[in-house]
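Any read-out appearing in this document is the output of simple, stated calculations on the displayed coordinates, not a laboratory observation. Since this is a predicted model, take the numbers as computed values, not measurements. For neighbour counting, all protein chains shown are included, and Cβ atoms are generated from backbone atoms with ideal geometry for every residue, glycine included.
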Amino acid sequence: MGFPLDYETPREWVALVEREPERLLEDHAHCELKAASSAHALIAKNPERTELVRDLADIAIEELEHFKIVVSELESRGGRLGEQSENLYAATLHRRSASTRESLVLDRLVIAHLIEARSLERFHLLAEHATDGRLRELFAELLPSEAAHQGFYAKAARSLFGRGAAEARIAQLRQLEGEIMASLPFDHTVHSGLVGAPELAPVER
Ligand SMILES: [Fe+2]
Ligand SMILES: [Fe+2]
C-alpha cells in the first residue's frame with residue numbers, strides 16, 4: 001500500500017492489539033474525540049475562512065460519529081470509556097514541530113494530515129488482517145472518511161499556504177513523524193510506535 005509516511009507498520013501489530021481489543025477501542029474512542037477537538041480548534045483560529053470552517057465542521061461531526069461508533073463497540077464487549085490518557089504521539093508531534101505564530105495554522109493542518117495518514121495505515125491493517133470479524137468491519141467502515149480527512153488536510157494546507165510551502169512543511173513534519181514512531185513502543189494503540197516491532201523497515205521512496 002502506498003502511503004505518505006516514512007515507516008510502515010508491520011502486520012504483527014494486528015496480532016498484538018487483538019490480544020486486548022478493548023484497550024485499542026478505548027484509546028481509539030478518545031482519539032476520535034481529539035480529532036473532533038482539533039477540527040474545532042482550527043475553526044476557532046480561522047473564523048474568516050468560510051469554506052474551511054464549513055469543511056472542518058463536517059469533519060468534527062464525522063469524528064464525533066466515529067467516537068459514538070467506537071464507544072458502542074467497546075460497550076458491546078463489556079468495556080467502558082475511561083479517562084483520557086495523553087496521546088504521546090500527537091502531543092510530541094505538536095511539541096517538537098517548533099511552530100511559530102506564523103506557521104501555526106499550516107503546522108496544525110499538516111500534523112492533522114499526518115495523524116490521519118498514520119491512523120489510516122493502521123485501519124487498513126486491521127480491516128485486512130484482524131481475525132476478529134467485528135473489528136475488521138468496524139475499521140473498514142471508518143476507513144473511507146479517514147482517507148478523505150487525510151487528503152482534505154493536505155489539500156487545505158496547499159490551497160491556503162501555496163503548494164511549495166505546504167509540501168516543504170509536509171516533508172519536514174513527515175520526517176519528525178518517523179522519528180517519533182521510531183522512539184515510541186510497539187503497543188496496542190493506533191498511535192503506538194515501532195520500538196520492539198518485529199521488523200522496522202523504512203519505506204522506499
Ligand atoms: Fe475519525
Ligand atoms: Fe479523521
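Give the distance, in whole Å, between the Cα centre of the stretch 62-95 and the Cα centre of the stretch 143-174. Taking the Cα centre of each part, the stretch 62-95 and the stretch 143-174 sit 24 Å apart.
Based on Cα contacts under 8 Å between residues 6+ apart, the stretch 12-181 shows a relative contact order of 24 percent. For the stretch 107-196, the C-alpha radius of gyration sits at 1.19 times the compact-globule guess of 2.2 N^0.38 Å, with N the residue count.
Report the net charge of residues surrounding F152, where surrounding means a beta-carbon distance below 10 angstrom and charges are Lys +1, Arg +1, Asp -1, Glu -1. That sum, taken over residues with Cβ under 10 Å, equals -2.
Comparing A41, A165, A154 along the charge dipole axis of the stretch 12-181, the residue lying farthest to the positive side is A165, per the Cβ-charge model. In the stretch 18-110 the Cα-Cα distances spread across 10 Å bins starting at 0 as 16, 38, 31, 13, 2 percent of all pairs.
Using only side-chain charges placed at the Cβ, +1 for Lys and Arg and -1 for Asp and Glu, the dipole size of the chain relative to its Cα centre rounds to 700 debye. The residue list V17, S103, G196 was ranked by how far each Cα lies along the charge dipole of the chain toward its positive end, using unit charges on Cβ atoms, and S103 comes out on top. For the stretch 1-52, applying the loop criterion from DSSP together with a ceiling of 13 other beta carbons within 10 Å to the GluC sites (Glu not before Pro) yields E48.
I'd like to know how the stretch 12-181 sits against the 2.2 N^0.38 Å rule of thumb: what's its Cα Rg over that expected value?
The value comes to 1.05.
Placing unit charges on the Cβ atoms of the charged side chains and taking the dipole of the chain about its Cα centre, the candidate lying farthest along the positive direction among L120, A57, G79 is A57.
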